[in-house]
Amino acid sequence: MSDLAGDVQPVEKRPAKRAGRRLGPDILGWLQAAPLTLVLVCFLLAPIAMIVAVSFWGATEFSIYPAFQFDNYAFLFGSDVTYRVFFATFKYALITWAFTLAIGFTVAYFLAFHVRSQPIQIALFLLCTIPFWTSNIIRMISWIPFLGRNGIANSALISWGVIDEPLEWLLYSDFSVILAFVHLYTLFMVVPIFNTMMRIDKSLLEAARDNGASGLQTLLHVILPLTKPGIMIGTIFVITLVMGDFITVRFMSGSQRANVGRLISNDISLLQYPSAAATAVVLLCTVLLVIGILLRFVNIRKEL
C-alpha cells in the first residue's frame, strides 16, 4: 500500500505543474502586449471613435451641439461638389501613383541589379534621401520660382527658341500639383521596391538567362512577379499620402484646385467640425477600401 501511495502522489501533482506552465506564458504574453495595446487604443482608436461620434453632431453658425443625426452625411452626399472633389482626389492619386511607380521601379532596378558594389549602392540610396533632409513645404515651394511665368523653366525655353511666350499651365495647375506630389512621394515607392529586389536570389536571373530568356522576359516573368509585395507596399504609401494631402494642392494650384483634404481643411477653418468629421470618415472608409482591394492581390505579410 505504501508503494501504491507513493506512485499515486506524483501523478496527482504533475497536472498542476503543467497547468501552471501553460498559464504562465499566456499571462506573460498579455502583459507584453498591454503597453502597445494601450498606446493604440489611446492614440489611434479613441481619436477615430471621437471623429466618428462628432460626425453625427449638429452645428449652427455659432455653436456645435451633440446629437445623433445624418444631416452632415446627407449634405455631403447630396452635393455635386463632393463628387467633383473626390474625383479630383482619385485623379491626383492615380496619376501620381503611375509616375512614382515608373520612376521608383526604374531607380530600384538600377540600384539592385546594375550597381555591383554595396558601398556605392548605399551611397546612391542615401543620395535619393537627400531631399528628405528638408521640409516638405520648402521642397514644394521651391518649384514656384522654377515654374512661374518669369521663372527658370519659361526663361530657358524662351531663350532656346522653343516657345515665344511663357507657358501659363506650368504653375497653379494640375500639372504643378502632380509634379510636386511626384517629387515629394517617389521615395516612398523606391524604398519598398528596392528592399524587395534585394531579396531576389540572383541565381534565378542566371537560370533565366541560361534558358534563353531575354532581358525583357526576365523582367516580366521573374523580377516583376517577385517584386509585387514591394510594389503594393509603395502603392499603399503613395495613395494614402496623396489622398490625405491638402497643403500641396493649396500651394501648387494657387487655391484654384481642391481635393478631399482641402475640403476638410476649409470646414475646420470655418469651425464646421461635424461636417469636417463626416468628410474625414468618408475619406477614411474610402482609403481603407482601396487598401483592402490592394491587399487582395498580394500577401504583404511575407514582406513585412
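Of note:
- Convex hull projection area averaged over all views, the range 144-183, Cα basis, nm²: 2.7
- Ordering of 288-295, 98-105, 259-266 by burial proxy (mean other Cβ atoms within 10 Å per residue, highest first): 259-266, 98-105, 288-295
- Per-peptide average of other Cβ atoms within 10 Å, ordering 240-251, 174-185, 32-43, 107-118 highest first: 174-185, 240-251, 107-118, 32-43
- Computed over all pairs of different Cα atoms, the Kirkwood value for the hydrodynamic radius of the chain is 24.1 Å.
- Applying the Karplus relation 6.51 cos²θ - 1.76 cosθ + 1.60 with θ = phi - 60° to the range 115-122 yields 3J(HN,Hα) values of 9, 7, 7, 5, x, 5, 4, 5 Hz, where x marks Gly and Pro.
- Between the helical axis of 228-244 and the longest alpha-carbon principal axis of the chain there is an angle of about 60 degrees.
- Residue-averaged 222 nm ellipticity for the chain, from DSSP H runs of 4+ at -39500 (n - 2.57), nearest 500: -22500 deg cm²/dmol
- Between the helical axis of 260-269 and the longest alpha-carbon principal axis of the chain there is an angle of about 90 degrees.
- Binned Cα-Cα distance frequencies in the range 76-180 - 5 Å width, integer %: 2, 10, 12, 13, 15, 16, 14, 10, 5, 2, 1, 0
Readers should treat all values here as calculations from the given coordinates under stated rules, not as data from a laboratory. All of these numbers come straight from a predicted model, not from anything done at the bench. Positions of Cβ are generated from backbone atoms using ideal geometry, with glycine treated the same way; all protein chains shown enter the neighbour counts.
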